[in-house]
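Engineer: Have a look at this one.
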Amino acid sequence: MTQLWSFGGGVHPPENKSQSSSRPIRPAGLPAKLILPLQQHIGEPARCIVEPGQKVLKGEVIAQVGNGMGVPVHAPTSGIVERISLEPVPHPSGMSDTCVVLIPDGEERWCELVPQPEYRKLERVQVLALIRQAGIVGLGGAGFPTNIKLRPSVDRKVDTLILNGAECEPYITADDMTMREKADQMMAGLRIMAWLLRPARVVIGIEENKPEAIAALRQAAEGSKTEIAVIPTIYPSGGEKQLIQILTGQEVPSGGIPADIGVMCQNIGTAVAVADAILQGKPLISRVMTATGEALAEPGNFEVLVGTPARHLLTCAGVDKQRMSRLVLGGPMMGYTLPNTDIPLIKTSNCVIAASASELPAPAPEQPCIRCGQCAEACPMELLPQQLFWHAKATEFDKAEHLNLFDCIECGACSYVCPSSIPLVQYYRFAKGEIRLQRAEQQKSDRARVRFEARQQRLDREQQEKDQRRKDRALAAAKAQEQKTADAQTRVQDGTVTDERAGKSALVEQALARKRAKAAGASAERTEPSTQLSEEAAPSETFTPEHADKIPAAETAPSIEELEQQLTQAQTKLEKMQSMLEDAHSGQAPNVDKLERAVDKNIERVRHAQRAIDDAQQQAVPANGNAEPALSRTNY
Ligand code: SF4
Ligand code: SF4
């Protein structure tokens with residue numbers, strides 16, 4: 001006998017389960033078209049890999065996922081892809097999303113299936129990959145990828161594996177009927193999950209209002225160590241945290257997950273899907289759904305292909321459209337109204353209620369809160385629903401968050417008991433949505449700020465490196481120039497310059513040295529021009545007046561000094577252009593081509609200036625090749 005604990009709060013709404021549990025599970029068959037949303041799970045949406053007009057086989061992957069969180073989508077039957085388009089999907093907001101619309105060909109031709117009955121011979125990661133590739137997500141409503149859930153982090157060892165057969169919400173009997181009719185399949189799936197997790201304890205929690213299912217489970221689990229724990233019927237005992245508390249006495253910490261306390265909960269339908277995937281190689285393309293409500297002549301449970309429009313299921317159950325005033329997806333406590341019957345039923349859809357006007361009447365008008373406190377008594381999470389409502393209504397989201405808004409499981413127990421008919425859960429959903437939106441915005445702006453700061457740092461670093469390179473170049477050039485000048489002067493003074501080329505070079509160096517001296521003493525030059533002229537001539541110790549006959553004949557011809565000035569200007573400009581080109585290269589500027597052309601042009605100018613000096617000096621050098629000072633009318 002399994003020891004049981006209890007949780008605070010909870011309510012006892014009318015069960016309304018017998019309407020749909022009196023008939024065996026029936027196949028819903030092929031609808032005229034299947035609408036398959038690419039996102040039927042928590043995580044990244046799958047990426048469509050088929051095209052309009054393409055033929056697909058039953059079980060073929062039509063949308064694949066990357067390495068992130070997500071699972072693929074498969075064709076539930078063979079047929080032709082009609083279109084890939086935005087279609088209304090099951091969501092409380094009535095939103096549309098990208099879907100593959102498939103027209104069945106009626107042939108039901110399967111793709112090749114690869115069963116793994118000897119899965120124990122595989123690595124565990126291989127089995128997890130098969131579960132992922134089969135597109136399995138938690139069928140209890142959240143749609144969390146099962147392969148990820150079955151691989152908790154190393155610091156979260158799962159000691160207790162719970163199969164959730166409580167199915168506490170009124171009207172819904174899909175799990176009840178699955179346990180009755182597919183107990184062996186379910187047990188096989190449970191064994192696979194237990195093999196993956198190696199827990200010390202495996203327990204199936206089931207409410208006492210399901211005697212047939214309890215009997216079927218006991219028979220299927222006979223001889224195994226799996227416990228069948230029959231728990232009291234109270235809503236929401238099937239909530240993950242509530243069931244864990246009932247079966248283990250442990251509470252999942254606020255903001256935590258069951259694995260934090262060594263527990264994992266899986267759904268009945270998920271266990272069946274895992275068995276189908278591993279033992280038969282079949283992907284998740286259908287599931288058991290309840291179709292119930294007073295507007296249906298033959299309510300019951302159906303094996304429904306994923307993507308089947310709600311209209312088709314209602315037809316199977318004998319809908320009386322005149323009587324149907326409201327179509328609810330899910331149960332009356334946690335479900336929401338569908339805007340029309342074309343909405344497709346997906347992996348996480350477990351029930352549709354075609355309710356008559358008297359069955360699920362429109363909610364009474366909201367009245368002011370009378371502070372009766374009944375909502376707090378009913379809350380299974382021991383929250384303060386009344387205060388949460390005030391803060392959500394006043395958009396004081398931080399205060400609502402402070403009161404553990406995100407621990408609310410949206411079970412609707414508080415709304416159910418509220419005498420003022422306040423749609424409390426809707427306020428909580430609104431507040432959660434706004435907070436998530438604000439967080440997303442904050443994350444977006446944080447990411448943008450980080451990117452901006454990183455870019456700024458990179459630009460600063462590049463600028464510093466550029467400046468340093470410039471300084472290094474200038475320093476090296478100055479040193480080289482100093483060295484050349486010193487060498488030239490030494491050779492001229494020592495009389496060691498013997499060949500024509502060296503003589504020319506020495507003369508150029510001397511001229512450059514004079515130019516620098518001239519620039520440095522520019523002010524003095526302006527005040528004492530005659531002195532400066534004589535000083536300029538002075539460095540040339542070998543100069544003698546008799547060299548006057550070397551003055552160029554044409555008065556308009558530039559002197560060597562002027563040519564040297566031109567050379568210096570050309571060199572300066574070339575260096576500037578080369579520096580700009582280097583900057584442009586590192587900054588990937590668009591004017592690189594232009595600068596390259598400018599550099600080429602300036603190289604040519606430097607060469608031209610150098611040639612002009614050579615020519616002028618050729619005329620100035622005596623026939624014996626000894627170096628002589630360059631003369632011009634100016635320095636003469
Ligand atoms: S049950 Fe309704 S009326 Fe009563 S305290 Fe809660 S919100 Fe207010
Ligand atoms: S909906 Fe949230 S606040 Fe209301 S009873 Fe359920 S858990 Fe508590």
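Engineer: Go through (1) farther than 24 Å from D342 by Cα; (2) open to solvent by less than 50 Å² (accessible area, probe 1.4 Å) and name the single condition G135 misses.
Structural biologist: (1)
Engineer: Here is a follow-up. Please work out which one of (1) within 14 Å of ligand 2 (Cβ to nearest atom); (2) farther than 30 Å from I370 by Cα is the condition A448 fails and give its number.
Structural biologist: (1)
Engineer: Moving to a separate point now. Among the residues of the stretch 334-346, is any in contact with a Ser or Thr (Cβ under 8 Å, 6 or more places away or on another chain) and under 23 Å from M95 (Cβ atoms)?
Structural biologist: Yes, the stretch 334-346 contains a residue that is in contact with a Ser or Thr (Cβ under 8 Å, 6 or more places away or on another chain) and under 23 Å from M95 (Cβ atoms).
Engineer: Considering each of G433, G412 in turn, give the residue that is without any contact (Cβ under 8 Å) to a residue 40 or more places away in the chain, under 23 Å from G141 (Cβ atoms), within 15 Å of ligand 2 (Cβ to nearest atom) and not acidic (D, E).
Structural biologist: Of G433, G412, the one residue that is without any contact (Cβ under 8 Å) to a residue 40 or more places away in the chain, under 23 Å from G141 (Cβ atoms), within 15 Å of ligand 2 (Cβ to nearest atom) and not acidic (D, E) is G433.
Engineer: OK, next. Which is open to solvent by 20 Å² or more (accessible area, probe 1.4 Å), in contact with a strand residue (DSSP E or B) (Cβ under 7 Å, 6 or more places away or on another chain), on the phi < 0 side of the Ramachandran plot and away from ligand 1 (no atom under 16 Å from the Cβ), of E208, E222? First the steps, then the outcome.
Structural biologist: Working: E222 fails: in contact with a strand residue (DSSP E or B) (Cβ under 7 Å, 6 or more places away or on another chain).
After applying the criteria, what remains is E208.
Engineer: Sticking with this structure for a sec: Kindly establish whether C99 is surrounded by 15 or more Cβ atoms within 10 Å (Cβ to Cβ) and in a loop (DSSP other than H, G, I, E, B).
Structural biologist: So C99 does not fit the description; no.
Engineer: Give the residues of the stretch 355-364 that are more than 14 Å from ligand 1 (Cβ to nearest atom) and open to solvent by 50 Å² or more (accessible area, probe 1.4 Å), sorted by residue number.
Structural biologist: Listed by number, the residues that qualify are A357, S358, P361, A362.
Engineer: Okay, moving on. Within the stretch 11-40, restricting attention to residues that are within 38 Å of the chain's Cα centre (by Cα) and open to solvent by less than 30 Å² (accessible area, probe 1.4 Å), which residue is nearest to ligand 2 (Cβ to nearest atom)?
Structural biologist: Among residues in the stretch 11-40 that are within 38 Å of the chain's Cα centre (by Cα) and open to solvent by less than 30 Å² (accessible area, probe 1.4 Å), the one nearest to ligand 2 (Cβ to nearest atom) is Q40.
Engineer: Do the conditions hold for R311, that is, is it open to solvent by 40 Å² or more (accessible area, probe 1.4 Å), not in a loop (DSSP other than H, G, I, E, B) and not assigned by TED's automatic domain parsing to the domain that holds L196?
Structural biologist: For R311, the condition - open to solvent by 40 Å² or more (accessible area, probe 1.4 Å), not in a loop (DSSP other than H, G, I, E, B) and not assigned by TED's automatic domain parsing to the domain that holds L196 - is met.
Engineer: Moving to a separate point now. Any idea how many residues of the stretch 450-480 are within 29 Å of the chain's Cα centre (by Cα) and acidic (D, E)?
Structural biologist: The number of residues fulfilling the criteria is 1.
Engineer: To continue, here is another question. Please tell me if I422 is more than 14 Å from ligand 2 (Cβ to nearest atom), modelled with pLDDT of 95 or more and open to solvent by less than 20 Å² (accessible area, probe 1.4 Å). Step through it out loud before you land on a result.
Structural biologist: Numbers: more than 14 Å from ligand 2 (Cβ to nearest atom): no; modelled with pLDDT of 95 or more: yes; open to solvent by less than 20 Å² (accessible area, probe 1.4 Å): yes.
Answer is no for this residue.
Engineer: Name, by its number, the condition in (1) more than 19 Å from R156 (Cβ to Cβ); (2) part of a loop (DSSP other than H, G, I, E, B) that does not hold for M289.
Structural biologist: Against the list (1) more than 19 Å from R156 (Cβ to Cβ); (2) part of a loop (DSSP other than H, G, I, E, B), M289 comes up short only on (2).
Engineer: Please identify the pairs in which a residue from the stretch 116-140 that is among the hydroxyl-bearing types (S, T, Y) has its Cβ atom under 8 Å from the Cβ atom of a residue that is assigned to a helix (DSSP H, G or I) and open to solvent by less than 50 Å² (accessible area, probe 1.4 Å), counting only partners at least 6 apart or on another chain.
Structural biologist: Partner pairs satisfying both residue conditions: Y119/V127; Y119/I192; Y119/W195; Y119/I278.
Engineer: Right, next: Looking for something more than 14 Å from ligand 2 (Cβ to nearest atom), under 34 Å from the mean Cα position of the chain (by Cα) and charged (D, E, K, R) - is there at least one such residue anywhere in the stretch 371-380?
Structural biologist: Checking the stretch 371-380: not a single residue is more than 14 Å from ligand 2 (Cβ to nearest atom), under 34 Å from the mean Cα position of the chain (by Cα) and charged (D, E, K, R).
Engineer: Any residue at all in the stretch 215-224 that's within 16 Å of ligand 2 (Cβ to nearest atom), more than 34 Å from the chain's Cα centre (by Cα), more than 24 Å from N147 (Cβ to Cβ) and not in a loop (DSSP other than H, G, I, E, B)? Before the answer, list the steps.
Structural biologist: Initial filter on the stretch 215-224 (within 16 Å of ligand 2 (Cβ to nearest atom)): none.
Taking every residue of the stretch 215-224 in turn, none turns out to be within 16 Å of ligand 2 (Cβ to nearest atom), more than 34 Å from the chain's Cα centre (by Cα), more than 24 Å from N147 (Cβ to Cβ) and not in a loop (DSSP other than H, G, I, E, B).
Engineer: To continue, here is another question. Being assigned to a strand (DSSP E or B) and in contact (Cβ under 8 Å) with a residue 60 or more places away in the chain is the filter; apply it to the stretch 62-82 and report the residue that is surrounded by the most Cβ atoms within 10 Å (Cβ to Cβ). Walk me through it before giving the result.
Structural biologist: The first filter runs over the stretch 62-82 and keeps only residues assigned to a strand (DSSP E or B), leaving 62-64, 73-74, 79-82.
Next, from what is left, pick out any that are in contact (Cβ under 8 Å) with a residue 60 or more places away in the chain: 73-74.
Working: V73: 33, H74: 26.
This residue is V73.
Engineer: Restricting attention to the stretch 270-290, and to residues there that are among the small types (G, A, S) and over 17 Å from L30 (Cβ atoms), which single residue is surrounded by the fewest Cβ atoms within 10 Å (Cβ to Cβ)?
Structural biologist: Going through the qualifying residues, I end up with G281.
Engineer: May I pose another question? Given the conditions (1) more than 14 Å from ligand 1 (Cβ to nearest atom); (2) open to solvent by 20 Å² or more (accessible area, probe 1.4 Å), and given that V352 satisfies all but one, which numbered condition is not satisfied?
Structural biologist: (2)
Engineer: So which pairs qualify, if the first residue must be in the stretch 29-48 and free of Cβ contacts under 8 Å to residues at least 40 places away in the same chain, the second must be part of a strand (DSSP E or B) and open to solvent by 10 Å² or more (accessible area, probe 1.4 Å), the Cβ gap must be under 7 Å, and the two must be at least 6 apart or on different chains?
Structural biologist: Between residues of the stretch 29-48 that are free of Cβ contacts under 8 Å to residues at least 40 places away in the same chain and residues that are part of a strand (DSSP E or B) and open to solvent by 10 Å² or more (accessible area, probe 1.4 Å), the close pairs are A46/Q64; R47/Q64.
Engineer: So, one more: Looking at A488, is it away from ligand 1 (no atom under 16 Å from the Cβ), open to solvent by 40 Å² or more (accessible area, probe 1.4 Å) and either of a type outside the set (S, T, N, Q) or without any contact (Cβ under 8 Å) to a residue 60 or more places away in the chain (or both)?
Structural biologist: Working: away from ligand 1 (no atom under 16 Å from the Cβ): yes; open to solvent by 40 Å² or more (accessible area, probe 1.4 Å): no; either of a type outside the set (S, T, N, Q) or without any contact (Cβ under 8 Å) to a residue 60 or more places away in the chain (or both): yes.
So A488 does not fit the description; no.
One line per residue, one yes/no per condition, for (1) touching a residue at least 12 places away in the same chain (Cβ under 8 Å); (2) more than 13 Å from ligand 1 (Cβ to nearest atom); (3) open to solvent by 60 Å² or more (accessible area, probe 1.4 Å):
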site: T337; (1), (2), (3): no, yes, yes
site: P344; (1), (2), (3): yes, yes, no
site: E366; (1), (2), (3): yes, no, yes
site: R371; (1), (2), (3): yes, no, yes
site: P380; (1), (2), (3): yes, yes, no
site: P385; (1), (2), (3): yes, no, no
site: A400; (1), (2), (3): yes, yes, no
site: Y416; (1), (2), (3): yes, no, yes
site: Q426; (1), (2), (3): no, no, yes
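The values are calculated or read from the model by the stated rules, or taken from the named source; none is laboratory data. Everything quoted here is computed from the prediction, not taken from an experiment. Positions of Cβ are backbone-derived with ideal geometry, glycine not excepted, and every protein chain shown enters the neighbour counts. All accessible areas refer to the heavy atoms of the entire protein, side chains included, with ligands and DNA or RNA removed. Shrake-Rupley method; radii C 1.70, N 1.55, O 1.52, S 1.80 Å.
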